[in-house]
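What follows is a short report on a single structure.
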Amino acid sequence: MTDLAIPPAIAESNRRLDAIDRKILTVLQQDASLSVAEIGDRVGLSSTPCWKRIQRLEADGVILRRVALVDQNKIGLGISVFVSVESGDHSEAWLQKFADAVSAMPEVMEFYRMAGDVDYMLRVVVADMQSYDVFYKKLISAVPLKNVTSRFAMEKIKSVTALPVPAN
């Protein structure tokens, strides 16, 4: 069995997270609107030490931000599209231009550089097919692309935002 090397920054971050930190992360991922006192009660701390831990987790970049999750269908964004992109150009300048263009498109919820048969994968949300066509035209005019494949989700079966916080 081969040992997989854990990047030093991740290994250091994991060492600093104790069981209470992990409980705090789990609670916050379920409901970030809880008061510090409520979070503390759930993890077995009083308010001040709980608040200090949350502040440290934020300062260390473990907690990136706290947001409200919105139902995309209830705000008129009923179509989810997974867009695979293949590029004929793999230069840093091309990637920077492509990344800047895609990052500026509000329809793009997630944007990944991939290994395998496609170069990039985007998760896009739009109101309808006409809105997707407008997005598609904007995407293909941003930079030269080799291939773009769109896959339309018919039903969302599972969607979670909470990461499974690993034990020590």
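Quick note: the coordinates plus some simple rules give every number you see, no bench work behind them. All values derive from a computational prediction rather than experimental measurement. Cβ: placed from backbone, ideal geometry, glycine included. Neighbour counts: every protein chain shown.
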Subject >> Cα long-axis angle, helix 19-30 against the chain (0 to 90 degrees, to the nearest 10) >> reply: 50 degrees
Original post:
Assigning unit charges at the beta carbon (Lys, Arg +1; Asp, Glu -1) and nothing else, what dipole magnitude in debye, to the nearest 20, does the chain show about its Cα centre?
Top reply: 360 debye
Original post:
Can you give the angle from 0 to 90° between the axis of helix 129-142 and the longest principal axis of the chain, with both taken from C-alpha atoms, to the nearest 10?
Top reply: 80 degrees
Original post:
Are there trypsin sites (Lys or Arg not before Pro) in the stretch 110-168 that DSSP marks as loop and that have at most 12 other Cβ atoms within 10 Å, and which are they?
Top reply: 146, 156, 158
Subject >> Calculated volume of the Cα convex hull per residue in Å³ (choose from [x] 179; [y] 126; [z] 142), label >> reply: [x]
Subject >> Total lysine pairs under 20 Å (Cα atoms) in the chain, excluding pairs fewer than 8 apart on one chain >> reply: 8
**OP:** Set the Förster radius R0 to 45 Å, insert the Cβ-Cβ distance between residue 55 and residue 128 as r into 1/(1 + (r/R0)^6), and round the FRET efficiency to 0.05.
**Re:** 0.55
Subject >> Simple Cβ-charge dipole of the stretch 73-152, Lys/Arg +1 and Asp/Glu -1, about Cα centre, in debye nearest 20 >> reply: 200 debye
Original post:
For the chain, with the dipole built from +1 on Lys and Arg beta-carbon atoms and -1 on Asp and Glu ones, taken about the Cα centre, which of 147, 43, 68 lies farthest toward the positive end?
Top reply: 43
Original post:
Given a Förster distance of 22 angstrom, what is the FRET efficiency for residue 113 paired with residue 70, based on the Cβ-Cβ distance and rounded to 0.05?
Top reply: 0.25
Subject >> Theoretical gain in end-to-end length, residue 138 to residue 92 [0.36 nm per residue, Cα-Cα removed] >> reply: 14.4 nm
